[in-house]
1. Which pairs do you get when a residue that is under 17 Å from GLN283 (Cα atoms), found in segment 227-254, comes within reach of a residue that is outside any helix (DSSP H, G or I) and basic (Lys, Arg), reach meaning Cβ atoms under 8 angstrom, with the pair 6+ apart or on two chains?
2. If a residue has to be surrounded by 13 or more Cβ atoms within 10 Å (Cβ to Cβ) and not charged (D, E, K, R) to count, how many in segment 1-13 make the cut?
3. For segment 112-121, state whether one or more residues are under 26 Å from MET201 (Cβ atoms) and in contact with a Lys or Arg (Cβ under 6 Å, 6 or more places away or on another chain).
4. Does segment 228-236 contain at least one residue that is at pLDDT 95 or above, assigned to a loop (DSSP other than H, G, I, E, B) and under 18 Å from the mean Cα position of the chain (by Cα)?
5. Look through segment 139-174, keep the residues that are aliphatic (A, V, I, L, M) and at pLDDT 95 or above, and return whichever of them is farthest from ALA219 (Cα to Cα).
6. Which one is farthest from the chain's Cα centre (by Cα) among residues in segment 252-272 that are crowded, with 20+ Cβ neighbours inside 10 Å and assigned to a loop (DSSP other than H, G, I, E, B)?
Amino acid sequence: MIEFKDITLADKELIQSFTLNSQRRNCDLSFANLFSWIFLYQTEFAVLDGFLALRFYAGEELAYMMPVGNGDVKSVLEALIKDAEDKGAKFRMLGVCVGMKADIEAVMPGRFTFTEDRDYFDYIYLHTDLATLKGKKFQSKRNHINKFKKQYPDYEYKELTPELVPECLKLEEEWCRANNCDEQLALGAERRSMTDALTNMEALGLKGGVLHVNGKIAAFTYGAPINNETWDTCVEKADTDIEGSYAMINYEYANHIDEKYIYINREEDLGLEGLRKAKLSYQPVVLLEKCIAELNDHKR
């Protein structure tokens, strides 16, 4: 029997000893995300034969992530399959990316059915693209930035600190009122996750930024590492009444993220048409495919 345990802030170093050294770039593995979404997914972890195993609930259905580590992944998968059986659930993994799919097929050929989950594909960008916006393909983005600077010459970008969290939460409250968060479960959940993350920002190691226009908050953002070369932008919120605030916070933040992070993951679009269009417009270098891997009833 695998001894899974709840994720706490005290587990950050242990969990990141697996994730930061991994080649995986999916946002699900950011410790900030794992911790701040516990209330919804009830995520637990275990260390098994040199692998990090993660178990959670998607709605009322038990699910797992592909184990993270090195060694005999087949034995670990077999142990997780047994764990699901012991709980009376069918074994399935969510957020399985292309490379992981190949790893599964290599050790358990034909035992899984893979279903593409487009709404949860991650958008991954070159850090240098977002920080410089060079080239013809980013001309319209540069125009937005230049227009913002001309319209708001006294704007300020500040590093996110605990002292600035209250005004970030106030902007989120206003954003929620405008977008009817109370009537949309996904937005309400995001608000809870954001509050938990910002409340624990120092312990989580979050780095973020706040944009001020005429002394008033116009936008904020924050993120955390996924691995040693990929940064995760967890949240980005802006006052849409201030034209260009989203473009500007994106640009400024990219210029303040440590240069050692080659890639920036700006997460999924959740199937929202406007969000998908916006994320595609920034020219991702990788649209990280994710799928659901479900164990077939038969064995080979």
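The values are calculated or read from the model by the stated rules, or taken from the named source; none is laboratory data. Note that the structure is predicted; figures quoted are calculated from it, not measured. Positions of Cβ are backbone-derived with ideal geometry, glycine not excepted, and every protein chain shown enters the neighbour counts.
1. Between residues of segment 227-254 that are under 17 Å from GLN283 (Cα atoms) and residues that are outside any helix (DSSP H, G or I) and basic (Lys, Arg), the close pairs are THR230/ARG25; THR233/ARG266.
2. Let us first name the residues in segment 1-13 that are surrounded by 13 or more Cβ atoms within 10 Å (Cβ to Cβ), namely 2, 4, 7, 11-12.
Add one more test, that the residue is not charged (D, E, K, R), and what stays is 2, 4, 7.
Result for segment 1-13: 3.
3. Filtering segment 112-121 down to residues under 26 Å from MET201 (Cβ atoms) leaves 120.
Next, from what is left, pick out any that are in contact with a Lys or Arg (Cβ under 6 Å, 6 or more places away or on another chain): 120.
Yes.
4. Yes, that holds for at least one residue.
5. In the first step, residues of segment 139-174 are kept if they are aliphatic (A, V, I, L, M); the result is 145, 160, 164-165, 169, 171.
Checking the rest, the ones that are also at pLDDT 95 or above come to 145, 160, 164-165.
On the way: ILE145: 14, LEU160: 11, LEU164: 12, VAL165: 12 Å.
Per the criteria, the residue is ILE145.
6. Checked segment 252-272; the qualifying residue farthest from the chain's Cα centre (by Cα) is ASP269.
So that you can scan it fast, the table gives a plain yes or no per residue for (1) more than 22 Å from ALA224 (Cβ to Cβ); (2) among the aliphatic types (A, V, I, L, M):
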| position | (1), (2) |
| --- | --- |
| GLU163 | no, no |
| CYS181 | yes, no |
| LEU185 | yes, yes |
| ALA197 | no, yes |
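Residue-by-condition table, conditions (1) in contact (Cβ under 8 Å) with a residue 60 or more places away in the chain; (2) within 29 Å of HIS127 (Cα to Cα); (3) of a type in the set (Phe, Trp, Tyr):
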position	(1), (2), (3)
GLU3	no, no, no
ASP11	no, yes, no
THR19	yes, yes, no
ARG24	yes, yes, no
TRP37	yes, yes, yes
LEU48	no, no, no
ALA63	no, no, no
